[in-house]
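**Q** After the structure tokens below, expect a handful of questions from me.
Readers should treat all values here as calculations from the given coordinates under stated rules, not as data from a laboratory. Predicted, not measured: the structure shown is a model, and the values here were computed from it. All Cβ positions, even for glycine, are placed from backbone atoms using ideal geometry, and neighbour counts span all protein chains on display.
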Amino acid sequence: MQKLLNVLGKIEEIFVTSALAFMGMVLALQILMRYIFNHPLVWSEELARYTFVWVTFVGASYGVHHNAHIRMEAIHKKFPPTLQKIVTISTNLLAILIFSYLIPAGIVFTVEQHDIASSAMEIPMSLVFAAVPVGCFVVAFRLLIQTIQIIKTGGGQQI
């Protein structure tokens with residue numbers, strides 16, 4: 001299981017890093033074309049926006065992997081260790097429920113959007129909205145593994 005999580009983490013890292021670099025290049029090209037050649041690209045901002053959607057949802061899982069999401073640590077650390085564990089498990093379970101709810105709703109919405117084309121690039125909008133169920137699934141999976149590890153070992157580890 002740990003090997004699978006490490007591979008998933010590496011895929012997320014490569015994807016997020018590459019996508020952010022790609023977004024930067026597309027936007028730099030747009031600036032160059034608009035202000036230097038006076039011929040703006042019609043599709044660049046749309047592509048950067050859609051890439052950002054994917055970075056956000058895949059990046060959420062990457063954030064869980066590195067325990068990088070914001071939390072109320074000042075309050076949490078004042079609790080006794082047992083209560084800290086209970087609060088962490090409870091919030092993880094609540095988050096898993098929310099993400100699990102969003103997965104089927106996201107799939108339905110993604111399928112419904114397949115016949116709608118984006119305005120500039122004319123790609124199916126389902127390609128954009130697929131980020132929601134994919135990202136929610138990976139985040140819920142990571143949170144589930146993290147919760148199981150907390151219950152087994154008593155502490156949170158990177159997953």
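**Q** Just the number, please: Stokes-Einstein D of the stretch 2-153 in µm²/s, Kirkwood Rh from C-alpha pairs, 4 °C, 1.567 mPa s.
**A** Translational diffusion coefficient: 73 µm²/s.
**Q** What number, in percent, do you get for the relative contact order of the stretch 1-96 if the mean sequence gap of Cα pairs under 8 Å and at least 6 apart is divided by its residue count?
**A** Computed value for the stretch 1-96: 27 percent relative contact order.
**Q** Return the subset of 3/152; 77/152; 10/78 for which the Cα-Cα distance in this structure is over 23 Å, preserving the input order.
**A** 10/78
**Q** Also: For the chain, what is the charge dipole size about the Cα centre, in debye to the nearest 20, if Lys and Arg each add +1 at the Cβ and Asp and Glu each add -1 at the Cβ?
**A** 860
**Q** Here's something else I'd like to know. Would you please give the residues with an amide H less than 5 Å from that of residue 118, counting only those at least 5 places away or on a separate chain, with H modeled from the backbone geometry?
**A** Result for residue 118 returns 123, 125.
**Q** Rank by packing, highest mean first: peptides 76-85, 136-145, 117-126, with packing defined as the count of other Cβ atoms within 10 Å averaged across residues.
**A** Top of the packing list down: 136-145, 117-126, 76-85.
**Q** What full-extension length gain, to one decimal in nm, is calculated for residue 27 and residue 89 as 0.36 nm per residue of separation minus the Cα-Cα distance?
**A** Result for the pair: 18.2 nm of gain on full extension.
**Q** In addition: Compute the distribution of all C-alpha to C-alpha distances in the stretch 38-93, in bins of 5 Å from 0, and list the percent of pairs in each, rounded to whole numbers.
**A** 4, 14, 15, 16, 11, 9, 8, 7, 6, 4, 3, 2, 0
**Q** While we're on this one: How far apart, in nanometres, would the label points at residue 117 and residue 66 be if each is projected 7 angstrom from Cα along the Cα-to-Cβ direction?
**A** 3.9
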